[in-house]
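Below: one structure, written as structure tokens.
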Protein chains: 2
Amino acid sequence: MLRTRFCELLGIEHPIVSAPMGGTANGELAAAVSEAGGLGMIGGTSPGGPEWLRAQIRVARERTTRPFGVGFITSFPDTGELVRVALEERVTVVAHSFADAAPYVGASHEAGARVVVQVQTVEQAVRAVRAGADAVVAQGSEAGGHTGYAGTLSLLAAVLDAVAGTPVLAAGGIADGRGLAAVLVLGADGAWMGTRFVASREWAGGNWAKQRLVEAGTDDTVQTHAYDQTMESPFPAGIGDRVLRNDFTAAWDGRDDEIVRRRGELQAQVLAAVKAGDPRVAPVRAGAAVGLIRAVEPAGDVVRRVVAEAEQVLRARPSQVLR
Amino acid sequence: MLRTRFCELLGIEHPIVSAPMGGTANGELAAAVSEAGGLGMIGGTSPGGPEWLRAQIRVARERTTRPFGVGFITSFPDTGELVRVALEERVTVVAHSFADAAPYVGASHEAGARVVVQVQTVEQAVRAVRAGADAVVAQGSEAGGHTGYAGTLSLLAAVLDAVAGTPVLAAGGIADGRGLAAVLVLGADGAWMGTRFVASREWAGGNWAKQRLVEAGTDDTVQTHAYDQTMESPFPAGIGDRVLRNDFTAAWDGRDDEIVRRRGELQAQVLAAVKAGDPRVAPVRAGAAVGLIRAVEPAGDVVRRVVAEAEQVLRARPSQVLR
């Protein structure tokens, strides 16, 4: 068994968290991950708003008695209202990313929830811990969807040094047991994985997107602002969006000014492609670890296999290289 | 002691390589790294051309009887001539990066040299091994100076899968024993470190640049084309340049078209700043692991400490997380 400070903090079995992907990390996915011994997270920032979130928390609660959580894109304007729903529903963990979490920490602690803050810089990690975060996620640029520009390996090491004493999870570039073992050896208290759980039976997005993930390799992702500019998504400066390369990114990556001028037309194109399930134009958010994913599987199987692989690597590999 | 396939291949003690930073990784640095048991590399692509390279190889040979090598920016036009010098001087390893190494593999093998190819994508790794590379370096976007856009963690795992059987080193984001231990656990055969050896007594660049490295943190680097556009450096598409943020990157990053229009003036500014040792305008190339570097030290001490730390981590950490 793997045990870290993060496991102790939350009373979970395995140091694996499914990332709270907005609107697609639903209650079913979170429950499957938690039932398997990890920490499942619902993506609380979604077009469905507070009603969707409340419904998903209730779905998860029906399916598991184990701890699970809700995560937010804190830069979005409805965060306050959504956090209130999560706290009313008494989730175990509330997670924040992409904006200062400080305004939300006190109420979460009062409601008995643990606060996890995902960061993309060392400075943000220090601020999060000062604000009372119980754990920090160092999210590297390898991550799928929205993330910063610092690679996981060096960001993780620097964050561990900067917030010594606070559990730190690694996010970005991890999709198997080797990756989990590597970040644990570096000092992390667990792995926060998104893309690996997109390619799960429970993930609530389109099957066409899951299929593209299975086909894609590590060379096939790009960090772009093309979709955020098109859809006017309120992410802060310093945050890009890692997606699979497609016709849309080939045409529009790096042409932000022109996107602004043709926004109406491009928004219509993207929305139509999402509706039609057309990955040539619709965004398929994927981390650079996408090349390590070979099948869509039940999320619980993913948790169990990644943990078993990591244990095996941690038992076998040191003696292969130490003489 | 740490032993990997890369150590066996070259008859070296420690799985640590100092990166062949063009013109500044000189014979003294390479010899110090090799004498400490690693593999020292001379940066063969430099303004000094073949004469400088030959002189540096001879300096290294005077200082060590152990294996060392020379690495090239293979996209630069003088590569053929420089490789001939390295082979005439009978170096142990010839390394290539940023262009197809295939044209150089045969002659190097005939001269008894091993060929190491640094890659920034999985496809390049597969091509390098097909062309006869003896080892591959998976260089992630965390690396200092010129590198690609894939993070080390996921690139390394995907390259290991793609070229199973060939030793793979990890580059980018590694500056201490934790990082070396982590990539070894992931499956790497060693670490290729640049920035950590820039902050060495032997590195031949300016002390002002070393000092900036010691001061800088992990949040302080940026991947840019501003200097390459200004200096008309022949790096291929898909390769950026990681430097410390400064006044020049603040003014010019992302404004490539305008740089082209004002190139004469900007070149003069940059050259003057390099001459004056002014890091506000001159490039200070640094990887994202810069935040882990706290002092300028003898390169041999760096090798010995990183290895000792990695051994300690590999002995202690698995039993901390396995129950």
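The values are calculated or read from the model by the stated rules, or taken from the named source; none is laboratory data. Values in this document were obtained by computation on a predicted structure and should not be read as measured data. Cβ placement follows ideal geometry from the backbone for every residue including glycine, while neighbour counts extend to all protein chains displayed. The area values use the complete protein model at the heavy-atom level, side chains included, leaving out ligands, DNA and RNA. Shrake-Rupley method; radii C 1.70, N 1.55, O 1.52, S 1.80 Å.
The alpha carbon convex hull volume per residue for the stretch A:251-323 rounds to 157 Å³. A point 7 Å from Cα along Cα→Cβ stands in for B:Ala251, and the other copies hold the same point at 3.8 nm, listed in rising order.
From the P(r) of the protein assembly as shown, could you give the percentage of C-alpha pairs in the tail past 32 Å? The share of Cα pairs beyond 32 Å in the protein assembly as shown comes to 47 percent.
Residues of the stretch B:1-33 that bury at least 40 Å² of accessible area once all protein chains are present, compared with their chain alone (1.4 Å probe, heavy atoms only, ligands and nucleic acids left out), are B:Met1, B:Arg3.
Largest GNM mean-square fluctuation among B:Gln229, B:Gln118, B:Gln139, using chain B with Cα springs under 10 Å: B:Gln229. The accessible surface of the stretch A:219-282, taken with every protein chain in place and a 1.4 Å probe, is 49 percent carbon and sulfur.
Here r is the Cβ-Cβ distance between A:Glu297 and B:Arg90 and R0 is 51 Å; the resulting FRET efficiency, rounded to 0.05, is 0.45. Pairwise inverse Cα distances across the stretch A:49-157, averaged and inverted, put the Kirkwood hydrodynamic radius at 14.4 Å.
Dimensions of chain B based on its C-alpha atoms, expressed as ranges along the principal axes with the largest first, amount to 56, 49, 38 Å. Computed from label points 7 Å out along Cα-Cβ, the spacing between B:Glu215 and B:Arg58 is 3.9 nm. Around the amide H of B:His96, modelled in the peptide plane, lie the amide H atoms of B:Phe72, B:Val116, B:Val117, B:Gln118, all under 5 Å away and 5 or more residues distant in sequence or on another chain.
Of the residues in the stretch B:130-167, those shielded by at least 40 Å² of accessible area once partner protein chains are present, compared with the chain alone at a 1.4 Å probe, are B:Glu142, B:Leu153, B:Ser154, B:Asp161.
One Cα centroid belongs to the stretch B:69-119, the other to the stretch A:261-316; the line between them spans 39 Å.
Per-residue 3J(HN,Hα) values for the stretch B:219-224, derived from phi via the Karplus relation 6.51 cos²θ - 1.76 cosθ + 1.60 with θ = phi - 60°, read 7, 9, 9, 8, 9, 9 Hz in sequence order (x marks Gly and Pro). Kirkwood hydrodynamic radius for the stretch B:178-323: how many Å is it when counted over pairs of different Cα atoms? Taking the inverse mean of 1/r over all distinct Cα pairs, the stretch B:178-323 comes out at 17.1 Å.
Kirkwood radius for the stretch A:1-71, taken over all pairs of different Cα atoms as the inverse mean of 1/r, rounds to 11.8 Å. Screening chain B for DSSP H helices whose Cα atoms reach 30 Å or more along their own axis and whose mean Kyte hydropathy is at least -1.0 gives B:299-321. For a straight C-alpha distance cut-off of 16 angstrom, the lysines reachable from A:Lys275 (same-chain residues fewer than eight places away being disregarded) are A:Lys210.
Peptide B:117-123 has a mean shielding of 2, counted as Cβ atoms of other protein chains within 10 Å of each residue's Cβ. Accessible area per residue for the stretch B:48-177 is 34 Å², calculated with a 1.4 Å probe on protein heavy atoms, without ligands, DNA or RNA. When Rg and Dmax are taken over the Cα atoms of the stretch A:96-254, they come to 16.3, 49 Å.
Here the scattering of the stretch A:207-276 is modelled by Debye summation over its C-alpha atoms, one equal scatterer each and no solvent; at q = 0.12, 0.16, 0.24 Å⁻¹ the log10 of I(q)/I(0) is -0.33, -0.59, -1.20. Here the gap between B:Arg201 and B:His109, fully extended at 0.36 nm per residue and compared with their Cα-Cα distance, gives a gain of 29.8 nm.
Phi-derived couplings, Karplus 6.51 cos²θ - 1.76 cosθ + 1.60 at θ = phi - 60°, listed residue by residue for the stretch A:132-147: x, 4, 7, 7, 10, 10, 8, 9, x, 5, 5, 4, x, x, 7, 6 Hz, with x used for Gly and Pro.
Across the identical copies, the label point of A:Arg262 (7 Å from Cα in the Cβ direction) is separated from its matches by 2.9 nm, in order from shortest. Protein heavy-atom accessible surface, 1.4 Å probe, per residue over the stretch A:207-276: 49 Å². Using a 1.4 Å probe over protein heavy atoms, the accessible area lost on pairing A with B, summed over both chains, comes to approximately 3800 Å². Stretching the chain fully between A:Ala268 and A:Ala316 yields a gain of 12.0 nm (0.36 nm per residue, less the alpha carbon separation). For the stretch B:171-206, heavy-atom accessible area (probe 1.4 Å) falls by no less than 50 Å² from the chain alone to the full protein assembly at B:Arg178, B:Ala182, B:Val185, B:Leu186. The mean sequence separation of alpha-carbon pairs under 8 Å and at least six residues apart, normalised by the residue count of the stretch A:180-323, gives a relative contact order of 35 percent. Looking at the protein assembly as shown alone, DSSP beta bridges between its own residues are antiparallel in about 25 percent of cases.
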